[in-house]
Amino acid sequence: MAVATVVSLAALGGGAAPPRAEGGACTLAPGALTVDDLPAGSSVLDCAAVGRLVTHAGAGVTVPDPGMKVSVDALTEDGSLHGFTLAVAADGTVSYDDLTDADPDADADADADDANAASAHAHTRASVAAAPGRARAACADDAYATAGHKEYDTYEWFLGDGTLPGNLAPDDARRALEDAIGTITASRNDCGFGDTVTAKARFLSRTGNEADIDRDARCMARDGVSVWDAGDLSGGVVATTCSWSRAVSGGPDSLREADVRFNTRDHTFTDHPGEACSNSYDLRSVATHEAGHVFGLAHVGESHESQTMYTNSFACSTAARTLGRGDVLGLRALY
């Protein structure tokens, strides 16, 4: 099956090397940069780019230290893809992933018995496509995508001490988020798949630290604390996950921190959507989707609306609380 690999700006035919001063030193203009300003193949050391903000198509990340990677993934109200990855090799060289949408054609008719074989495929930032415009049932669609990182140990997370999604009390919010994260670590599904996923998570406490995500849903410099909180994000964004990982020879990279923020300024959330629900997002569905990003799953797009990792969780729907076939296969590929 077709698989997408890391996409560099050079491969897209754009992005000249950044301007260089006399003597070969790289010089960058002040303020936020674009991927054209710091193209693939640049050196963050020559350019003094560590800590600078780089943007692409409305998303943004702060350049990490050499040997680190940062990914931003936003769940959007219209289902559009919003996010990318910036990796810095040990020698300081920059590379990008997900600068273009990838959805190659592949066979989507494997049975559940093929799960172990499917887990051997490296679907990095790629997905298995069904026929355009024809969403398959959750247990009949084996589409998944991975982001190139995983949690090798236990994901330890904190709950922010501000207002929480759905205006839930802290204990109620913690239980809802723990349940959503547990759906990923236990690969809960209605497709007959047993749990073979070894991912683990543990809630630690509330914290005064905030998710390292700004109001434009961009990843700021990380503080080493994985925080789930709520606040102001770009209007079309429902929730955002920022993940930082360290390179591992042979991969996937090792997760070092993952922060999640829910957009409570522009959207409402509920833990109990019912018949009267009109325009609220189910907290556990959105949280399960974001937890998928934490543990290394990436978005799948059009025709895969039945999967938890589709780019929109849909208002008032609880469907994403339970994983689809592709979601489980993605986790098995990683764990």
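Go through segment 148-165 residue by residue and turn each phi into a ³J(HN,Hα) via Karplus (6.51, -1.76, 1.60, θ = phi - 60°); whole Hz please, and just put x for glycine and proline.
Residue by residue, segment 148-165 yields x, 9, 8, 8, 7, 10, 10, 6, 9, 10, 10, 10, x, 9, x, 4, 10, x Hz.
Mind putting together the pair-distance distribution for segment 199-335? All Cα pairs, 10 Å bins, whole percent per bin, short to long.
Spelled out per bin, shortest first, that is 12, 40, 37, 10, 1, 0.
Taking the Cα centre of segment 284-335 as origin, work out the dipole magnitude from +1 charges on Lys and Arg Cβ and -1 charges on Asp and Glu Cβ, in debye rounded to 20.
Dipole magnitude for segment 284-335 comes out near 200 debye.
Given a Förster radius of 30 Å and the C-beta distance between PHE203 and ASP232 as r, what FRET efficiency does 1/(1 + (r/R0)^6) yield to the nearest 0.05?
After rounding, the FRET efficiency stands at 0.75.
Residue separation times 0.36 nm, minus the C-alpha to C-alpha distance between SER249 and ARG215: what's the value? Could the numbers behind the result be given before it?
Working: separation 34, 0.36 × 34 = 12.24 nm, distance 3.45 nm.
Stretched out fully, the SER249 to ARG215 stretch lengthens by 8.8 nm.
Which ³J(HN,Hα) values, rounded to whole Hz and listed in residue order, are derived for segment 228-240 from phi using the Karplus coefficients 6.51, -1.76 and 1.60 in 6.51 cos²θ - 1.76 cosθ + 1.60 with θ = phi - 60°, glycine and proline given as x?
In residue order, the calculated couplings are 10, 8, 9, x, 9, 10, 3, x, x, 9, 8, 7, 9 Hz.
Which percent, to the nearest 5, of DSSP beta bridges fully inside segment 198-329 are antiparallel? Present the calculation step by step, with values, prior to reporting the outcome.
On the way: 9 of 17 bridges.
In segment 198-329, DSSP labels about 55 percent of beta bridges as antiparallel.
Using the number of other C-beta atoms within 10 angstrom as an exposure proxy, rank TYR155, TYR310 with the fewest first.
Working: TYR155 22, TYR310 27.
Ranked by crowding around the Cβ, least crowded first: TYR155, TYR310.
Around ASP141, which amide H atoms from residues at least 5 apart in sequence, or from another chain, sit under 5 Å from its own amide H, with H modelled in the peptide plane?
ARG325, GLY326
Bear in mind these aren't lab numbers, they're just calculated from the coordinates by the rules spelled out. This structure is a prediction, so every number in the text was calculated from the model and none was measured. All Cβ positions, even for glycine, are placed from backbone atoms using ideal geometry, and neighbour counts span all protein chains on display.
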